[in-house]
């Protein structure tokens, strides 16, 4: 699974708003600068998020955005599914966008991809914006400490 830029940028903005939960609005300009997101693209994203009821906007010179929901109630899974749709790595293990495959009855790696889908969905659905605020960014050492076959293709 690879997140789209739209999802990536939406999560950045939502986490910034979660950090400011209960402390007023942040302007779209500041939100874009803080998260290194093109302002015009962020404006489109924020409108979509607003339609979902996750943020509320205040118009005017002193306006901006703030979370409309408690950050404990909004999960990564909700955001990812809203922008990117399914979390399944292949369509033959998807619930909502299932497409049959001629090899389903024989396929041995489908089980592993189903496990990947289930683990990914579960992880995304059980971590809220609030919980994310308590995690540390990934270090370079963690990123490279793989234990996989030379990190090829990762």
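Data table
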quantity	calculated
Residue count for the range 41-71, restricted to those that are assigned to a loop (DSSP other than H, G, I, E, B), surrounded by fewer than 14 Cβ atoms within 10 Å (Cβ to Cβ) and at pLDDT 95 or above	2
Residue match in the range 19-40 (condition: within 13 Å of the chain's Cα centre (by Cα), assigned to a helix (DSSP H, G or I) and either within 28 Å of residue 122 (Cβ to Cβ) or in contact (Cβ under 8 Å) with a residue 12 or more places away in the chain (or both))	no
The range 1-18, subset in contact with a helix residue (DSSP H, G or I) (Cβ under 7 Å, 6 or more places away or on another chain) and outside any helix (DSSP H, G or I), residue nearest to residue 135 (Cα to Cα)	3
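The values are calculated or read from the model by the stated rules, or taken from the named source; none is laboratory data. Predicted, not measured: the structure shown is a model, and the values here were computed from it. Reconstructed Cβ throughout: ideal geometry from the backbone, glycine too, with neighbour counts over all protein chains shown.
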